[in-house]
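The structure under discussion appears below in the form of structure tokens.
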Amino acid sequence: MARPEQVLVLEPANELKFRGPFTDVVTATLRLSNPTERNVCFKVKTTAPRRYCVRPNSGIIDAGTSINVSVMLQPFDYDPNEKSKHKFMVQSMVAPCDMTDMEGVWKEAKPEELMDSKLRCSFEMPLENDKTQHESEQYQTVSSSVKTEHSLPKSASASLDDGEVKKILEECRRLQMEVQRLREENKQIREDDGLRKRKVTSLAVPHSTTPSSTSPNAMATSGIREEGLNTRILAFCVLFFVIGVIIGKLGL
């Protein structure tokens with residue numbers, strides 16, 4: 001008695017193509033569709049089980065649905081003069097309504113209930129110009145990713161939530177106000193320093209006999225200069241801190 005016609009729709013229908021190079025695992029996808037109103041059991045078999053890994057290799061396809069089966073060819077030494085003799089068979093049967101054990105169903109299935117479809121395998125190596133194009137596409141992809149990485153600080157705020165952006169802006173405003181206050185204090189110190197210098201000059205004794213001695217007024221002037229210098233250093237430190245906070249936040 002002839003077997004019933006396969007109810008599953010296979011894509012591809014006749015041939016699985018594996019495109020090299022074959023120095024790594026190469027995967028081909030087989031799509032199985034069940035256009036019927038009954039659930040269908042399926043099982044995938046091959047003439048070279050050690051060369052392939054199939055996931056899933058069996059299961060149930062519900063009525064009106066499809067699944068993708070990944071057929072993974074293991075790495076091997078490719079010989080262009082050798083034609084592939086590997087074949088696959090998709091075996092199927094209508095699932096019983098009261099099915100509880102799939103393995104038991106397959107064992108008890110009658111030959112006239114089984115349907116099958118066969119596919120051959122073919123190996124292809126990419127042409128040289130295809131390989132060059134593929135490498136060019138990889139280079140463009142890498143270049144694009146590098147460009148995106150370098151431009152991240154400009155658009156990094158898009159990846160931050162509103163709360164983090166608000167905190168950063170508030171911190172920047174606060175530090176800017178602090179820097180402005182230190183600048184004003186530094187300016188006032190310089191003005192006071194100039195005023196004290198003029199007073200010391202007007203009150204200085206012309207016939208000072210101890211050039212190497214340090215007068216109280218000179219010491220005060222030196223202290224004022226040091227204070228102004230320290231203030232300027234503090235202002236620069238605060239400024240660098242602001243920049244560091246911004247870069248650190250955007251880098252998150």
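Only the coordinates and a few stated rules stand behind these numbers; no lab work does. In this text, all values refer to a predicted model and were calculated from it rather than measured experimentally. Here Cβ is always computed from backbone atoms with ideal geometry, including for glycine, and neighbour counts include all displayed protein chains.
So the values come out like this:
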quantity: Region 9-126: proportion of alpha-carbon pairs further apart than 20 angstrom, %; calculated: 45
quantity: For region 39-72 and region 74-96, distance of Cα centres in Å; calculated: 12
quantity: Net charge of Cβ neighbours under 12 Å - reference residue 92; Lys, Arg +1; Asp, Glu -1; calculated: +1
quantity: Which listed pairs, of 85/110; 17/110; 45/85; 83/107; 45/110, have C-alpha distances above 26 Å, in listed order; calculated: 85/110; 17/110; 83/107
quantity: Residue-count net charge about residue 180 - beta-carbon cut-off 13 Å; Lys, Arg +1, Asp, Glu -1; calculated: +2
quantity: Beta bridge orientation in region 9-126: antiparallel %, DSSP, nearest 5; calculated: 85
quantity: Rel. contact order, % - alpha carbon contacts under 8 angstrom, at least six apart, region 9-126; calculated: 35
quantity: Segments 177-190, 112-125 sorted - mean Cβ within 10 Å per residue, highest first; calculated: 112-125, 177-190
